[in-house]
Amino acid sequence: GILGLVGNFWLFSTSLLYLSAAASQVLAQISPFILLFAGIVVLKEPLRKNQIIGAAILMFGILLFFNRELPQIFAGGANHQMLGITLSLLGCFSWAAYGLVQKMLLRRLTAPQILFVFYCGCALFAAPFANWSELGNLNGYQWLCLFYCCINTPIAYGAFAEALNHWEVGKVSTTITLVPLFTIAFAALAHWLVPAKFAAPDLNLLAALGAALVVTGAICSVLNRRMVRK
């Protein structure tokens, strides 16, 4: 679990050296689907018809949502671009491994206990490779961003762990694919508040349609069988 979490952070961060943030974000949406199928194979969790339909709608929505970014990934076939794609895909598998291990540990430990062990382990593992002198080059705004990232990570992963404690892996992994929509919403809010520092999200008609389909697919996949029958 520790190696999966560290590997995910490192692989996706490194992939940004070779891919645009948009391209990396597209590939990151593969992670929940890997986790979904891992839960079916390893944990023997059921795959219901509404989850299959929801996943199909959601995947099609993601493709539409990133309709302008996808050609950036596959066009040209430059070596550095292929390296970035490979690193992103490895990051997806690394994240799925972390999520699966955490789900299994929840049978014996609480979510806070697991996160404490994971984060302490990640800190000990990553600390020797960090360039601590770079902290002296940060300005006040960058320190604020760093602080936000530090507190956001345990809050987000804590919520993720607690969700795994109450939901099946398939439902949790599908719901996570809503992250791009929240990213767009907060990007728009940030641009409205501080337009000099944040660019406005640029969505075309296909992207807007894709966003609607992503939400529809996620809602469809988390409906339980009783709700579907009603």
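The values are calculated or read from the model by the stated rules, or taken from the named source; none is laboratory data. Since this is a predicted model, take the numbers as computed values, not measurements. So basically every Cβ, Gly included, is an ideal-geometry build from the backbone, and we count neighbours across all protein chains shown.
Miscellaneous remarks
- Exactly one residue among Gln102, Gln81 is part of a helix (DSSP H, G or I), modelled with pLDDT under 80 and crowded, with 17+ Cβ neighbours inside 10 Å, and that residue is Gln81.
- Residue within the range 169-185 that is buried (at least 20 other Cβ atoms within 10 Å of the Cβ), in contact with an Asp or Glu (Cβ under 7 Å, 6 or more places away or on another chain) and part of a loop (DSSP other than H, G, I, E, B) present: no
- Candidate set from the range 12-33 (those that are at pLDDT 80 or above and surrounded by 14 or more Cβ atoms within 10 Å (Cβ to Cβ)); member that is farthest from the chain's Cα centre (by Cα): Tyr18
- Matching residues in the range 27-54 - criterion: being in contact with a Pro (Cβ under 9 Å, 6 or more places away or on another chain) and assigned to a helix (DSSP H, G or I): Ala28, Ile40
- Within the range 121-140, tally of residues that are in a helix (DSSP H, G or I) and surrounded by 10 or more Cβ atoms within 10 Å (Cβ to Cβ): 7
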